[in-house]
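Here's the structure, in structure tokens; my notes come after.
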Amino acid sequence: MTAARLHRLPVVTVLGRDVPVAVGPRARLLGLSHLDRDEAGAGLLIPRCSSIHTFGMRFALDLYFLDEDGEPLAIRRGIGAQRVISCRGARAVLEIPAEQGGEFSSRCP
């Protein structure tokens, strides 16, 4: 059951999965924080973003830092709470509950 706050967001297809897009300041700030894993759905795309925080997270995340074409620049798996993670050059971040993502190559450390 996906959280109500995610249902109100527009949805796009990224890396073969349909995910809501964090379009407003509140959605961008909160991301998937303060949700249980089953409420997170397929994840969340945060456009115009190269850095995220995991304060308030209740489960680990797999993070896909995307370039301007939506291709993965870097992948960070199993990121726990209370972290700040970034990737220089990223244009968006796809947050996915850990271990639900696919296998993609990474082009930056």
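The values are calculated or read from the model by the stated rules, or taken from the named source; none is laboratory data. A quick note: this is a predicted structure, and the numbers were derived from the prediction, not measured. Cβ atoms come from the backbone with ideal geometry, glycine included; neighbour counts cover every protein chain shown. Keep in mind that these areas ignore ligands, DNA and RNA; they rest on the heavy atoms of the full protein, side chains included. Shrake-Rupley method; radii C 1.70, N 1.55, O 1.52, S 1.80 Å.
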Is it true that some residue in the range 94-101 is at pLDDT 95 or above and over 17 Å from THR2 (Cβ atoms)? no
Residue under evaluation ARG88, criteria (1) modelled with pLDDT of 95 or more; (2) assigned to a loop (DSSP other than H, G, I, E, B); (3) surrounded by 20 or more Cβ atoms within 10 Å (Cβ to Cβ), criterion not met: (3)
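To keep it simple, each residue is scored yes or no on (1) modelled with pLDDT of 95 or more; (2) within 11 Å of the chain's Cα centre (by Cα); (3) under 20 Å from VAL21 (Cβ atoms).
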{"position": "ALA40", "(1), (2), (3)": "no, yes, yes"}
{"position": "ARG48", "(1), (2), (3)": "yes, no, yes"}
{"position": "ILE52", "(1), (2), (3)": "yes, yes, yes"}
{"position": "PHE65", "(1), (2), (3)": "yes, yes, yes"}
{"position": "GLU68", "(1), (2), (3)": "yes, no, yes"}
Sole residue being surrounded by fewer than 16 Cβ atoms within 10 Å (Cβ to Cβ), in contact (Cβ under 8 Å) with a residue 40 or more places away in the chain and outside any strand (DSSP E or B), chosen from GLN82, GLN100: GLN100
If we ask which residues in the range 1-17 are within 23 Å of GLY78 (Cβ to Cβ) and open to solvent by 60 Å² or more (accessible area, probe 1.4 Å), their number turns out to be 1
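Residues are listed down the side, and each one gets a yes or a no for (1) among the small types (Gly, Ala, Ser); (2) open to solvent by 50 Å² or more (accessible area, probe 1.4 Å); (3) over 13 Å from GLU95 (Cα atoms); (4) assigned to a strand (DSSP E or B):
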residue: VAL19; (1), (2), (3), (4): no, no, no, yes
residue: VAL23; (1), (2), (3), (4): no, yes, yes, no
residue: ARG26; (1), (2), (3), (4): no, yes, yes, no
residue: LEU32; (1), (2), (3), (4): no, no, no, no
residue: ASP38; (1), (2), (3), (4): no, yes, yes, no
residue: GLY41; (1), (2), (3), (4): yes, no, no, no
residue: LEU45; (1), (2), (3), (4): no, no, no, yes
residue: ILE52; (1), (2), (3), (4): no, no, no, yes
residue: GLY56; (1), (2), (3), (4): yes, no, yes, no
